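Step one of this worksheet: look at the structure below.
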Amino acid sequence: MVEIAKLLKIMDEKNASDLHLKAGSPPCFRVHGSLILDSSPSLSASDVEKMAKTLLNEEKFSKFRKAKEFDFAYSLSGIGRFRVNMSFQKGLIAMAIRRVVAGEYLDVEKLGLPPVIKKLADEPRGLVLVTGTAGSGKTTTLAAMINHINKAKRAHIVTIEDPIEVLHKDNLSFITQREIEIDTESYQEALKRVVRQDPDVILIGEMRDLETVRAAVSAAEIGHLVLSTLHTIDATETINRIIDFFPPYQQKQIRAMLAATLKGIVSLRLLPKVGGGRVPAVEAMVTTSTTKEYILNEAETSKIKEAIADGDYYGMMTFEQSLEKLYQEGKISLEDALNTAANPHDFKLMLRQKGLV
């Protein structure tokens with residue numbers, strides 16, 4: 001029988017970010033962004049089910065069978081911690097397993113993130129959002145921000161997650177990590193009471209619905225630093241997505257609340273790194289008097305990208321500026337830079353004008 005522990009050890013040896021398991025195929029690893037099928041025989045339905053039962057106790061496995069979907073975290077001694085998504089495909093169990101780095105090893109500089117990340121983490125209050133598609137590094141970036149706060153100040157940090165991915169140890173800060181369905185029923189229930197738990201910093205794993213967004217903005221408004229994520233690709237889309245959570249008659253009010261509380265938006269995309277590994281391209285927006293005006297005025301929200309492009313003094317950068325820097329430093333190839341740029345033709349023209357190609 002194929003053992004899940006052995007596959008996780010192989011995952012560690014390959015430095016793979018993800019492991020995919022399903023009946024009828026060999027284990028599949030994602031290494032530096034590319035999927036690689038293992039050379040071992042294809043897994044049977046029985047193999048995958050036995051591995052699933054190894055990861056879950058009887059009660060949770062029964063719950064998974066009923067719901068058909070299940071997310072949880074799993075730790076393997078000596079190897080690390082993993083986020084597991086268990087589902088069904090073609091009536092059979094499938095799993096997607098992602099490696100999670102321990103909190104104390106997550107450092108802003110070592111991850112290749114810009115200094116503005118630390119600046120936003122140092123804010124005493126307000127709302128900071130980390131956005132991007134699945135697998136773009138949102139969880140890792142948030143964990144690095146928590147790690148920075150933990151080393152820099154004495155604060156009570158409360159995280160609300162589904163599931164808890166990165167485990168943090170107390171350093172200067174006192175960290176309380178709460179997991180949905182284990183420590184609280186839902187994001188909504190946890191957020192109703194979190195302000196009574198004397199937090200300085202609140203991390204919300206994901207802003208999924210109107211009530212979560214409303215609670216996050218309200219907590220930031222009354223003086224807490226709130227960190228969270230959204231599945232959006234840039235700052236402009238993030239602002240519009242938050243506004244769209246609310247009914248039309250409340251949208252003017254939420255624009256005013258956002259303008260008053262939002263400290264910044266960090267959007268991420270991971271690219272293959274020359275020589276191996278991956279490197280983040282980052283769009284960073286810091287709230288200034290100009291971006292506040294653009295948030296308040298619906299007709300001008302589309303100008304946020306222009307403000308970011310001109311905001312180098314504040315640590316802001318567009319994706320194109322980040323791509324240019326990464327390419328100039330030899331960290332990414334021209335092909336990958338062009339494939340990631342919103343307008344490849346204009347981006348290449350800009351590089352040519354600067355003598356970079």
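May I ask you to list the residues in the stretch 27-37 that are assigned to a loop (DSSP other than H, G, I, E, B) and at pLDDT 95 or above? If you could, list the steps in order and put the result at the bottom.
Filtering the stretch 27-37 down to residues assigned to a loop (DSSP other than H, G, I, E, B) leaves 27, 32-33.
Selection gives Pro27 alone.
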With the checklist (1) under 24 Å from Leu268 (Cα atoms); (2) touching a Leu at 6+ places or on another chain (Cβ under 9 Å) in hand, flag the one item Ala155 doesn't pass.
(1)
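Residue by residue, here is whether (1) in contact with a Ser or Thr (Cβ under 7 Å, 6 or more places away or on another chain); (2) buried (at least 19 other Cβ atoms within 10 Å of the Cβ); (3) under 28 Å from Asn85 (Cβ atoms) holds:
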| site | (1), (2), (3) |
| --- | --- |
| Arg154 | yes, no, no |
| Val158 | yes, yes, yes |
| Asn171 | no, no, no |
| Ile182 | no, no, yes |
| Ser186 | no, no, yes |
| Ile202 | no, yes, yes |
Residues of the stretch 324-335 being in a helix (DSSP H, G or I) and more than 24 Å from the chain's Cα centre (by Cα), which ones?
Gln328, Leu334, Glu335
Can we say Met11 is surrounded by 15 or more Cβ atoms within 10 Å (Cβ to Cβ), under 21 Å from Lys273 (Cα atoms) and not assigned by TED's automatic domain parsing to the domain that holds Leu172?
yes
(1) assigned to a helix (DSSP H, G or I); (2) within 23 Å of the chain's Cα centre (by Cα): which one isn't true of Ala260, the others all being true?
(2)
Enumeration of residues in the stretch 345-357 that are surrounded by 13 or more Cβ atoms within 10 Å (Cβ to Cβ) and in a helix (DSSP H, G or I)
Phe347, Lys348, Met350, Leu351
Checking Phe245 against (1) at pLDDT 95 or above; (2) surrounded by 22 or more Cβ atoms within 10 Å (Cβ to Cβ); (3) hydrophobic (A, V, I, L, M, F, W, C); (4) touching a Lys or Arg at 6+ places or on another chain (Cβ under 9 Å), the condition it does not meet
(2)
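For (1) of a type outside the set (Lys, Arg); (2) surrounded by fewer than 15 Cβ atoms within 10 Å (Cβ to Cβ); (3) in the same structural domain as Asp244 (by TED's automatic domain parsing), each residue gets a yes or a no:
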residue	(1), (2), (3)
Val282	yes, no, yes
Asn297	yes, yes, yes
Thr301	yes, no, yes
Ala307	yes, no, yes
Gly311	yes, no, yes
Ser322	yes, no, no
Tyr327	yes, no, no
Ser333	yes, no, no
If you go through the stretch 130-138 one residue at a time, do you hit one that is surrounded by 21 or more Cβ atoms within 10 Å (Cβ to Cβ), outside any strand (DSSP E or B) and of a type in the set (Lys, Arg)?
yes
Within the stretch 19-74, restricting to residues that are exposed (fewer than 14 other Cβ atoms within 10 Å of the Cβ) and under 23 Å from the mean Cα position of the chain (by Cα), the one that is farthest from Leu270 (Cα to Cα) is Glu69
Starting from the stretch 95-124, take each residue that is on the phi > 0 side of the Ramachandran plot and list its partners that are among the β-branched types (Val, Ile, Thr), counting only C-beta distances under 6 angstrom and pairs at least six apart or across chains.
Gly112/Val279
Unmet criterion (only one of (1) in contact with a Gly (Cβ under 7 Å, 6 or more places away or on another chain); (2) within 23 Å of Ala341 (Cα to Cα)) for Lys273
(1)
Neighbours by Cβ (under 9 Å, 6+ apart or cross-chain): first from the stretch 305-323, in a loop (DSSP other than H, G, I, E, B); second among the basic types (Lys, Arg)
Gly315/Lys119; Thr318/Lys305
Can you pull out every residue in the stretch 261-299 that is of a type in the set (D, E, K, R) and either farther than 16 Å from Asp234 by Cα or at pLDDT below 95 (or both)?
Lys273, Arg278, Lys292, Glu293, Glu298
Residues of the stretch 79-94 being within 25 Å of the chain's Cα centre (by Cα) and free of Cβ contacts under 8 Å to residues at least 24 places away in the same chain, in sequence order, are Asn85, Ser87, Phe88
So Thr212, is it of a type in the set (Ser, Thr, Tyr) and under 22 Å from the mean Cα position of the chain (by Cα):
yes
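The values are calculated or read from the model by the stated rules, or taken from the named source; none is laboratory data. Remember, it's a predicted structure, so these values are computed and weren't measured experimentally. Backbone-built Cβ (ideal geometry, glycine too); neighbour counts: all protein chains shown.
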